[in-house]
Amino acid sequence: MLALIQATNDLKTIGDQVVQLIMPEVILTLFACAALVLDVMLPRGRKRPVAWLSLAGVGFALVSLGFLYFNITSEGKSRLGFFNMIVIDNYAVVFKLIFLIGAGLSILLSIRYLDEEGEQRGEYYSLILFSVVGMMFMASGVDLLTLFISLELMAISVYILVGYTKRDRRSNEASMKYFLLGAFSSGVLLYGISMIYGLTGSTNLANIAKALPIIISPAYEPLGQTVDLRYLVLMSMILMAAGMFFKVAAVPFHMWAPDAYEGAPTSTTAFMSVAVKAASFAMFGRLFLYGLPDLRDTLAGNADKNIPGLPGWAVLLGVIAAITIVWGNLAALTQNNTKRLLAYSSISHAGYTMLGLIAANETGYTGFILYLFIYTLMNLGVFGCIIALRRHGIQGDRMEDLNGLMKKAPWLTVMMTIFLLSLGGIPPTAGFIGKLYLFAGLIETGNPWLVRLAILAVLMSAVSLYYYIRFIRAMYIEPETEMQPVKLAPSLQTALAVAVLLVMLIGVYPQPLLRLTQKAAQAQGLKTHDYDQKKADEGEIERPPGAGTGR
Amino acid sequence: MIPLSWYLGLSALLFTIGAVGVFIKRNAITIFLCIELMLNAVNLTFVALSSYFGDMGGQLFVFIVMTVAAAEAAVGLAIIISIFRNRESLNVDEADSLKL
């Protein structure tokens, strides 16, 4: 910041041109601090105004995000700021919209739930806001430094949120497991970052992307002698990918997710299953599509000198996505705790979302962003319904707690059904549109392996219907096991109504959202890649050698 | 002058010791210390590379990592204290009320 003032020597220019780029984050930070102060001023047991204040903060941030969109990015332009550390483009704006919607709905879901838990305190809301600030910088960061620090801002806030009910043994345990594995994964990610810094000499993603094609040539001669740096590049890529797989909970790095989701307070589970996942994917996309696009495909070898070609990250992601989809869905089949079941279901959804990154065409990228948007709404909805079941003396997270819900709360049951069908990808709900784009993106590539991956994903999403229908069966057919009535708080009703309306609306009339996400998918720097480029002249389609062609 | 490769080798070794420790140790605080060891190994890489390149970017990164590690330590120790209050044990194998 000091250097910035010296460089421009004009505070007004900074105020007008650069701070504008991070205005939503600035607003959220101010509101988060205000929430902390207000929390101390309010008497014990009357902390609800903090929730409304935080909600207002999210609202103002949305407005200022709207200004950013219409002033800068709506025409597909992008702007770099803060010494090329952050960028505002449609990709960032759409992801920020996802986080803000997720945070707003989560706050609405939490208000009554925290009363029920006897833990209504102001710092909960300010922690949500702080973690959203981190997420928003994750979506717009184009420097490894920004990405890392914003990832940690998000993660540390969420560690606290998971352990928020500190007298609950399960919450403690969930928080400890999440914290230890999360810190471990950031260590792994950081080692990958330090290696790529050592290889390219820069932490800026654009510079890294520029330097990589030179480094990955097997005959790279930096000081007069040939060195093959491809193994080191691959290792740093794998370390970074492993760190990101942890954050998005992809198999085999998913073991923290079921425990953390089950033990955390349900309102936190709702928040972390959508916003944290979307943010990690936003960073995943930035890192891999913006910083390492040349590592996607086979790293060319040299047949004359007996140097083999090495597989790039498309293969790695493809394998991980396949395992994630299969394992997530199979493990969900046998669960009896709804939160744990939804944790496995969210693992499999992470696998589906990854398909968009692999497809690497515009349909795939559109599906990637669209699906995260839709997933945010529908998953928050399902967790909202589970929160509604938490009432005096009933935890509400066992499958039996859903029994006979149709008789007790018909509207809640109908909404829950819509969210579940949407998660399963049944038309005319939004989930169908999202999955359609993801799978269509894969099939459009024409690569036989990717088409097989798409078929596997379709089959497994049919399997997933089994456990979503278990919910529906419990709600409609099973007799009631307890008679305690279900009452929905007004804030919860609002959140659920908004989510269900959006899910249905997007399912029936997706065009506005599609246009928005298509703009995001066309953001500069997200390099598309054609798997088919050499099919015509070589007659061989699988992973053609040669780096991808940028758009 | 000590060549760059020695620093990188040392930091790779420290990182491996930390990573292995995370998997074989059973006490939450020891695991946490192993994670700190991993982060500091990364810091060593950054400082060595940064002075090799003559580029300040790496050293800046070290400051950020140290700050983040401090924040993480504060939160992590708070979590570990709250789990100790409820269980009187720091053994991660005994933290099993969530089924695996």
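The values are calculated or read from the model by the stated rules, or taken from the named source; none is laboratory data. These numbers were taken from a predicted model, which means no experiment stands behind them. When we count neighbours, we look across all protein chains shown, and the Cβ atoms used for this are built from the backbone with ideal geometry, even at glycine.
Things worth noting here:
- None of A:G198, A:G182, A:G192 is closer than 28 Å to B:F63 by Cα, in a helix (DSSP H, G or I) and touching a residue at least 60 places away in the same chain (Cβ under 8 Å) except A:G182.
- Counting residues in region A:109-116 that are surrounded by fewer than 23 Cβ atoms within 10 Å (Cβ to Cβ) and either at pLDDT 95 or above or touching an Asp or Glu at 6+ places or on another chain (Cβ under 6 Å) (or both) gives zero.
- Candidates in region B:52-100 are the residues that are facing chain A (nearest Cβ under 7 Å) and among the small types (G, A, S); of these, the one that is farthest from A:L147 (Cα to Cα) is B:S97.
- Test: A:G291 is among the small types (G, A, S) and under 30 Å from A:S78 (Cα atoms): yes
- Residue match in region A:527-547 (condition: polar (S, T, N, Q) and either closer than 29 Å to A:L333 by Cα or modelled with pLDDT of 80 or more (or both)): no
- The combined condition, being touching a Pro at 6+ places or on another chain (Cβ under 9 Å) and either assigned to a helix (DSSP H, G or I) or away from chain B (no Cβ under 11 Å) (or both), is fulfilled by A:L114.
- Filter pass, A:P213 being farther than 30 Å from A:L114 by Cα, more than 7 Å from chain B (Cβ to nearest Cβ), surrounded by fewer than 23 Cβ atoms within 10 Å (Cβ to Cβ) and touching a strand residue (DSSP E or B) at 6+ places or on another chain (Cβ under 6 Å): no
- Any hit, region A:477-499, residues being at pLDDT 90 or above, within 23 Å of A:Q335 (Cβ to Cβ) and loosely packed, with under 13 Cβ neighbours inside 10 Å: yes
- Screening A:L289 with (1) out of contact with any Pro (no Cβ under 9 Å at 6 or more places or on another chain); (2) surrounded by fewer than 22 Cβ atoms within 10 Å (Cβ to Cβ) gives one miss only, at (2).
- Taken over region A:467-486, the criterion of being assigned to a loop (DSSP other than H, G, I, E, B) and more than 15 Å from A:L412 (Cβ to Cβ) is satisfied by A:I477, A:E478, A:P479, A:T481, A:E482, A:M483.
For every residue, the table says whether it meets (1) at pLDDT below 90; (2) surrounded by fewer than 22 Cβ atoms within 10 Å (Cβ to Cβ); (3) touching a helix residue (DSSP H, G or I) at 6+ places or on another chain (Cβ under 9 Å).
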| site | (1), (2), (3) |
| --- | --- |
| A:D168 | yes, yes, yes |
| A:G187 | no, no, yes |
| A:T203 | no, no, yes |
| A:N207 | no, yes, yes |
| A:Q225 | yes, yes, no |
| A:A264 | no, no, yes |
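- Filter pass, A:I418 being among the β-branched types (V, I, T), under 18 Å from A:L465 (Cβ atoms) and outside any helix (DSSP H, G or I): no
- Odd one out for A:V227, checked against (1) within 14 Å of chain B (Cβ to nearest Cβ); (2) within 22 Å of A:F148 (Cα to Cα): (2)
- Considering each residue of region B:17-38 in turn, none proves to be surrounded by fewer than 18 Cβ atoms within 10 Å (Cβ to Cβ), within 7 Å of chain A (Cβ to nearest Cβ) and under 21 Å from A:Y197 (Cα atoms).
- When region A:189-201 is filtered for residues that are of a type in the set (S, T, Y) and either buried (at least 24 other Cβ atoms within 10 Å of the Cβ) or touching a Leu at 6+ places or on another chain (Cβ under 6 Å) (or both), the ones remaining, listed by number, are A:Y191, A:S194, A:Y197.
- Residues in region B:39-51 that are within 8 Å of chain A (Cβ to nearest Cβ) and either free of Cβ contacts under 8 Å to residues at least 24 places away in the same chain or farther than 10 Å from A:S194 by Cβ (or both): 2 in all.
- Residues that are at the interface with another protein chain (Cβ under 7 Å from one of its Cβ atoms) and in a loop (DSSP other than H, G, I, E, B) within region A:142-166 comprise A:G163, A:K166, listed in sequence order.
- So A:L181, is it under 20 Å from the mean Cα position of the chain (by Cα), surrounded by fewer than 24 Cβ atoms within 10 Å (Cβ to Cβ), more than 8 Å from chain B (Cβ to nearest Cβ) and under 17 Å from B:A28 (Cβ atoms): yes
- Verdict on A:G425 being surrounded by 23 or more Cβ atoms within 10 Å (Cβ to Cβ), small (G, A, S) and at positive phi: yes
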